[in-house]
Amino acid sequence: MAAVTSPETSPQPRVYFQTPSGTTEEPEIPVRKQGRVTVKYDRKELRKRLNLEEWIIDQLTDLYDCEEEAIPELEIDVDELLDMPSDVERGARVKDLLVECYKPTEDFVSQLLDKIRGMQKLSTPQKK
C-alpha cells in the first residue's frame, strides 16, 4: 500500500511503500560466488605467493634495519625470477637489487631461491 502525505505536513508530497499485512517476505540470502581472481588462478598458489611476499617484506625489514615504509624502493619480481633459466641468474638478479644493503644478503638470497623453487608463474589472465 502506498500512503501519500498531505501538503500541510510536508512541502512536497512523499510516497511510502508498506508491505501488505499477512505477507512475510524473507530476505534473499545471497549465494557466495568464487571471486574472479581465484577462478583464474589456483587459490593455493595465490596463498603461497602472498606468504612469500610477506616473508620478503619481513626479511627486507631486517636486512635494512628499518620499518616497512622506509625500505628503499626496490621490487623483487617473483615472476621475473621464475622466467630466468637458472638459480645462478636468479641469485645474481636479487643481489643486484640488494646492492645498497650493508648487511650480508647471501642467506636471504638462498632462502628466497629455495622458496620460489617449484612455484608457478602467475601470468596475466587473458580476456575472453
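For the pair Leu46 and Ile71, a Förster radius of 30 Å applied to the C-beta separation gives a FRET efficiency near 0.85, rounded to the nearest 0.05. The fraction of accessible area contributed by carbon and sulfur in region 44-128 is 46 percent, rounded to a whole number (1.4 Å probe; ligands and nucleic acids excluded).
Our coupling estimate for region 75-91, obtained by passing each phi through the Karplus curve with A = 6.51, B = -1.76, C = 1.60 and θ = phi - 60°, is 10, 8, 8, 4, 4, 4, 5, 5, 6, 6, x, 9, 5, 4, 5, 4, x Hz, Gly and Pro reported as x. Taking only the Cα atoms of region 47-116, the ratio Rg/Rh comes out at 0.93, with Rh defined as the Kirkwood radius. One chain, two ends: Ile57 and Arg14. Fully extended at 0.36 nm per residue, the span grows by 9.8 nm beyond their Cα-Cα distance.
Here Lys103 is the anchor, and the aspartates and glutamates within straight C-alpha reach of less than 16 Å, apart from those fewer than 8 places off in the same chain, are Asp58, Asp62, Asp65, Glu67.
The values are calculated or read from the model by the stated rules, or taken from the named source; none is laboratory data. From a predicted model like this one, the values you see are computed outputs, not experimental measurements. Glycine gets a Cβ as well: all are built from the backbone with ideal geometry, and neighbour counts include every protein chain shown. Remember, those area values only see protein heavy atoms, side chains included, never the ligands or the DNA or RNA. Shrake-Rupley method; radii C 1.70, N 1.55, O 1.52, S 1.80 Å.
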